Amino acid sequence: MPREPPWRPEWGLPPVNYGLIPGYYNPADQDTLDAIWASNEPIPAGSWLEGQVLGMLWVRDGDHKIILGEPQGLQKLDLEGLWRWFEGRQPRLAKAEEAEAFMRTLPSEPRP
């Protein structure tokens, strides 16, 4: 069965570098865990990056986004743009410790 895309074209492009973290499955959207790369520079689609867990964009529906990047990378994140993008989902910025705790609760693959 086809799944709903993670965003709709009418929303425009996200204000951040958006991707996925392989090996983590988020039951909230029944897909791979979403990630945001904290950087002012656009990252080409298909790039593989490794960075620190800097925090998490917590949203009401449980489809949280892990924020990754270089140390001090949160300063490079367009938080105002994120709040507008996730308006209606009550976004908040969670600390790295909360992000890591959330990730530990996730299965590595979909549960039947």
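Computed from these coordinates, which is semi-axes √(5λ) of the Cα gyration tensor in Å: (i) 20, 17, 15; (ii) 26, 18, 13; (iii) 27, 14, 10?
(i)
Separation between the W83 and I43 pseudo-spin-labels, each 7 Å from Cα along Cα→Cβ, expressed in nm?
Spacing of the two 7 Å Cα→Cβ label points: 2.4 nm.
Loop sites only, by DSSP: take the GluC sites (Glu not before Pro) in the chain that have at most 14 other C-beta atoms within 10 Å and name the longest stretch containing none of them.
Answer - 1-49.
Taking chymotrypsin sites (Phe, Trp or Tyr not before Pro) as candidate sites, keep only those in a DSSP loop with at most 13 other Cβ atoms within 10 Å, then name the longest stretch of the chain containing none of them.
49-112
Work through the residues other than P42 whose Cβ is under 13 Å from its Cβ and net out their charges, Lys, Arg +1 and Asp, Glu -1.
In short, -1.
Heavy atoms only, probe 1.4 Å: what % of the accessible area of the chain goes to carbon and sulfur, would you let me know?
Here carbon and sulfur together make up 52 percent of the probe-accessible area.
Per the helix-only calculation at 222 nm, which mean residue ellipticity applies to the chain, given -39500 (n - 2.57) for every DSSP H run of n ≥ 4 and division by its residues, nearest 500 deg cm²/dmol?
Mean residue ellipticity, 222 nm, calculated: -4000 deg cm²/dmol.
How high is the relative contact order of the chain, in percent, with contacts defined as C-alpha pairs under 8 Å that are six or more residues apart?
It comes to 29 percent, rounded to a whole number.
At 1.4 Å probe size, with every protein chain present, just tell me what the per residue accessible area of the chain comes to in Å².
67
The values are calculated or read from the model by the stated rules, or taken from the named source; none is laboratory data. All figures in this text were calculated on a predicted structure; none of them were measured in a lab. Glycine also receives a Cβ, built like all others from the backbone with ideal geometry; neighbour counts cover every protein chain displayed. Only protein heavy atoms, including side chains, enter the accessible area calculation; ligands, DNA and RNA are left aside. Shrake-Rupley method; radii C 1.70, N 1.55, O 1.52, S 1.80 Å.
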